[in-house]
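The structure under discussion appears below in the form of structure tokens.
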Amino acid sequence: MMGYSSGRGLPNYSVLIAGLDEWSVGGEELHDDRLVEKLKLLQEVDTLRLVEPPPDREDPTAPPTGITAWQFPEWFITQDVGEGKGLTRSRMLVHRRALTKGKYIGDDKRKHPVVPVRFVRACPAGHIGDIDWRTFVHGPKECQRQLWMDERGTSGDLSEIWIRCDCGLQRELAEAAGLQSKALGYCEGLRPWLGPYTRERCNEPNRLLIRTASNAYFPQLMSVISLPPREHSLECGEVHS
């Protein structure tokens, strides 16, 4: 199960809801043989259990329950806008490891507030990951100078967004758009909702994904009408389901 959420950590960060193995225990098991058999067939597994989400217990002495979420993406842009020419808005592109207590402290010693970058990469097999911004700009060349995201217009169109490095190299983000683009390289099989060491083999081309877009996440929904077994009689005033 995977999803986006924003909201401390939230709304200062963006997260992926962790896989079910990372959820705390405590939810009641649901019993519906027909639904279980259908899901086993769809998922191609031999065993499967249906469990309610972890309950929110009001007893302060009870063990804590909850749903784990992994921080994603790990790249941020500064909220304050740097100097640019004309309509250009320039903001620093920084990694999570460069942050101090949720802010970026630049060479000017100022604390710059940040927000998660809205562009990530994904592949047709369902893997998702951060864009390798340095490789996108430099290719195989090694450079650790400051990266910037320049918005050279007011429409927000990809053709107006450029990723620029202090070394002088820059690249239009629109080059990463389109199903045939190879600008973001090939997928490494990352599955961050399952944790940091869960990649699997994959070599599909990466595609640019706007993580806040309405088409970024499609849940798989399964519904069922649960009928009582034939041998169970209905008592007057009661409905068993």
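The values are calculated or read from the model by the stated rules, or taken from the named source; none is laboratory data. Please read all numbers here as calculations on a predicted model, not as lab measurements. With ideal geometry, Cβ positions are generated from the backbone for all residues, glycine too; neighbour counts draw on all protein chains shown.
Numbers below:
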{"read-out": "Residue within segment 71-87 that is assigned to a loop (DSSP other than H, G, I, E, B), of a type in the set (S, T, N, Q), under 26 Å from S159 (Cα atoms) and assigned by TED's automatic domain parsing to the domain that holds E204 present", "value": "yes"}
{"read-out": "Residue pairs meeting the criteria (Cβ under 8 Å; at least 6 apart or on separate chains; first closer than 16 Å to E74 by Cβ and of a type in the set (D, E), in segment 187-202; second in a loop (DSSP other than H, G, I, E, B) and modelled with pLDDT under 90)", "value": "E188/R199"}
{"read-out": "Answer residue from segment 172-201, given it is surrounded by fewer than 18 Cβ atoms within 10 Å (Cβ to Cβ) and charged (D, E, K, R) and is farthest from L20 (Cα to Cα) among those", "value": "E172"}
{"read-out": "Matching residues in segment 191-234 - criterion: being hydrophobic (A, V, I, L, M, F, W, C), part of a loop (DSSP other than H, G, I, E, B) and either more than 16 Å from the chain's Cα centre (by Cα) or modelled with pLDDT of 75 or more (or both)", "value": "C202, A213, L221, M222, V224, I225, L227, L234"}
{"read-out": "Condition check for E74: surrounded by 14 or more Cβ atoms within 10 Å (Cβ to Cβ) and of a type in the set (D, E)", "value": "yes"}
{"read-out": "Single residue of segment 46-70 satisfying the filter (modelled with pLDDT under 90, of a type in the set (V, I, T) and in a loop (DSSP other than H, G, I, E, B)) that is nearest to the chain's Cα centre (by Cα)", "value": "T68"}
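Let's see how each residue does on (1) modelled with pLDDT of 90 or more; (2) in a strand (DSSP E or B):
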{"site": "D108", "(1), (2)": "no, no"}
{"site": "R121", "(1), (2)": "yes, yes"}
{"site": "R145", "(1), (2)": "yes, no"}
{"site": "W148", "(1), (2)": "yes, yes"}
{"site": "A174", "(1), (2)": "yes, no"}
